[in-house]
Amino acid sequence: MIIHTKASETRTDRPRGGATLRGVHLVIGAIPPLLAVAAVVAAAALSQLPAGRLVQRIDVARVVRERAR
């Protein structure tokens, strides 16, 4: 994947003081977006570990017996 963007075009009608607007060219390959996706998925998986441990410790039979009373 290649992303191209230009902030502005070079202008020939320059204002006083010689200030010009130059174009900005950005090109990124396929690897950086893939690394970003992998980092987000890894962070989401790590954040689920504490909740998974808590769910595994719940004694469903005991909870059902207590609520049936």
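A compact table of results
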read-out	value
V64 vs. criteria modelled with pLDDT of 85 or more, exposed (fewer than 10 other Cβ atoms within 10 Å of the Cβ) and not charged (D, E, K, R)	yes
Exclusive hit being surrounded by fewer than 10 Cβ atoms within 10 Å (Cβ to Cβ), at pLDDT below 85 and aliphatic (A, V, I, L, M), set A7, A19	A19
Verdict on A36 being at pLDDT 85 or above, surrounded by 10 or more Cβ atoms within 10 Å (Cβ to Cβ) and either out of contact with any strand residue (DSSP E or B) (no Cβ under 8 Å at 6 or more places or on another chain) or in a helix (DSSP H, G or I) (or both)	yes
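The values are calculated or read from the model by the stated rules, or taken from the named source; none is laboratory data. Here the structure is a predicted model, which means the values were calculated and not measured. Neighbour counts are summed over all protein chains in view; Cβ atoms, including those assigned to glycine, are modelled from backbone coordinates with ideal geometry.
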